[in-house]
Amino acid sequence: MVERWRMLLAERVNEATRQLGAIDGVHGLVVGGSVGRGAPWPLSDIDLLPIRDPSAAPDIARCQAALVDWWAASARAQTLDVGWLAFTPAEVEQATGETVAESAARMADPRWLHGTDKAFGGYGAHDPHGLADALARWATRIRFDPRVRQARRQVWQTMAQARHAAAVEHRRAGDPGAATLAVRESALALRLVLVETWAERLGSMGREWTRFEHLAAAHGAASLAERIAWIAAADVAGCAAHLPTLPVWLQERIARALAARHLVGEPVSPERNARDQVAAFRVHVVRHRPDLIGPWLALPDPALEAKLGDLEALLGQLS
């Protein structure tokens, strides 16, 4: 028997693609992310990549807002991610006809860097000309080609180095809070350097640190993963120390995520699940909701100097 959350998710994917696909200037939608790959969990976003004319962007945004509002009011809140990972028909036709070397060069553009990963394993919906399905097939075909992975690895390596340099500059300027954030962002990018090296991918934001540890263990790099987690303030013990100071909304997220992960058979411990949520939102809040900053963010990090030193050593080791 299909669980009700899966039925609801499928119903909402159909509703979203039907309404968005009816907008003038939308030529198709890639259903991406965990839903598109057929591996959702109860907290999955619905990730859609529209093939559209630029003029359709405002109507897409209005439709997105209306759907999310209706879903929250009618049953259970649901995130619909459809927006900046959008491509024109001409861009899709050009990309899907390129050589792999040309596709690899696209990874320097954030839309293609993230869009390729998001569309991997997905499929086209409301796709009268086959453009969305062509984009999904292209992304799936080239995503793990060694030339594409090397290009992606270089992007993350460059980002890790740049954020480390920013951390050093912030510390020099007497801003340890900004330096702490830059250190964490550098560690996140360094984590992706390893993931690309291993020909793997992370997946959902609220599950990625535990997945990273499992991948690292499988590739003989468990101790390296522990160092990166410590630098990023994503170690289990460090996050556990801040549990008493968590805001209520994050406590609720932790409880829902644990239940959702167990529902799909993921054998995650309560401690690691809590770490995954805290670590994810420590960066997410600063980037998107600075009004929610509180003691649980550990800004500035009291171990900033030690973490900067270890980060510099890892950058040299993994360059």
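Checking the conditions here, which among T116, T158 is assigned by TED's automatic domain parsing to the domain that holds A22, among the polar types (S, T, N, Q) and either surrounded by fewer than 16 Cβ atoms within 10 Å (Cβ to Cβ) or closer than 23 Å to M205 by Cα (or both)?
Working: T158 fails: assigned by TED's automatic domain parsing to the domain that holds A22.
Just a single option satisfies the conditions, and that option is T116.
Test each condition in (1) of a type in the set (A, V, I, L, M); (2) surrounded by 20 or more Cβ atoms within 10 Å (Cβ to Cβ); (3) closer than 28 Å to S34 by Cα for A179 and report the one that comes out false.
Condition (3) is where A179 drops out.
Quick one: is R143 in contact with a Phe, Trp or Tyr (Cβ under 6 Å, 6 or more places away or on another chain), farther than 19 Å from V82 by Cβ and either modelled with pLDDT of 95 or more or not assigned by TED's automatic domain parsing to the domain that holds A39 (or both)?
yes
Please go through (1) without any contact (Cβ under 8 Å) to a residue 24 or more places away in the chain; (2) surrounded by 16 or more Cβ atoms within 10 Å (Cβ to Cβ); (3) basic (K, R) for R172 and return the number of the only condition it doesn't satisfy.
(2)
Check whether at least one residue in the stretch 42-50 is assigned to a helix (DSSP H, G or I), closer than 29 Å to Q277 by Cα and touching a strand residue (DSSP E or B) at 6+ places or on another chain (Cβ under 7 Å), and report yes or no. So that I can check it myself, show each step before the final result.
The initial filter retains those residues of the stretch 42-50 that are assigned to a helix (DSSP H, G or I), namely none.
Within the stretch 42-50, none of the residues are assigned to a helix (DSSP H, G or I), closer than 29 Å to Q277 by Cα and touching a strand residue (DSSP E or B) at 6+ places or on another chain (Cβ under 7 Å).
Could you list, ordered by first residue, the pairs with Cβ atoms under 7 Å in which the first is in the stretch 82-105 and in contact (Cβ under 8 Å) with a residue 60 or more places away in the chain and the second is of a type outside the set (G, A, S), at least 6 apart or interchain?
Sorted first by the residue in the stretch 82-105, then by its partner, the pairs are V82/L20; V82/L48; V82/P50; V82/I60; V82/Q64; P89/H27; P89/I51; P89/L131.
With respect to L202, is the statement that it is of a type outside the set (G, A, S) and surrounded by fewer than 18 Cβ atoms within 10 Å (Cβ to Cβ) true?
When the stated conditions are applied, L202 passes them.
Any chance the stretch 130-140 includes a residue that's outside any helix (DSSP H, G or I) and either in contact with a His (Cβ under 8 Å, 6 or more places away or on another chain) or not β-branched (V, I, T) (or both)? I'd like the intermediate steps shown before the answer.
Step one: of the stretch 130-140, the residues outside any helix (DSSP H, G or I) are 130.
So of that shortlist, the ones also either in contact with a His (Cβ under 8 Å, 6 or more places away or on another chain) or not β-branched (V, I, T) (or both) come out as 130.
Yes, that holds for at least one residue.
Each row is one residue, and each column tells you yes or no for (1) surrounded by 12 or more Cβ atoms within 10 Å (Cβ to Cβ); (2) at pLDDT below 95; (3) in the same structural domain as W41 (by TED's automatic domain parsing); (4) not in a helix (DSSP H, G or I).
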| position | (1), (2), (3), (4) |
| --- | --- |
| A237 | no, no, no, no |
| H262 | yes, no, no, no |
| N273 | yes, no, no, no |
| V283 | yes, yes, no, no |
| L311 | yes, no, no, no |
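The values are calculated or read from the model by the stated rules, or taken from the named source; none is laboratory data. Model, not experiment: these values are computed from the prediction. Cβ: placed from backbone, ideal geometry, glycine included. Neighbour counts: every protein chain shown.
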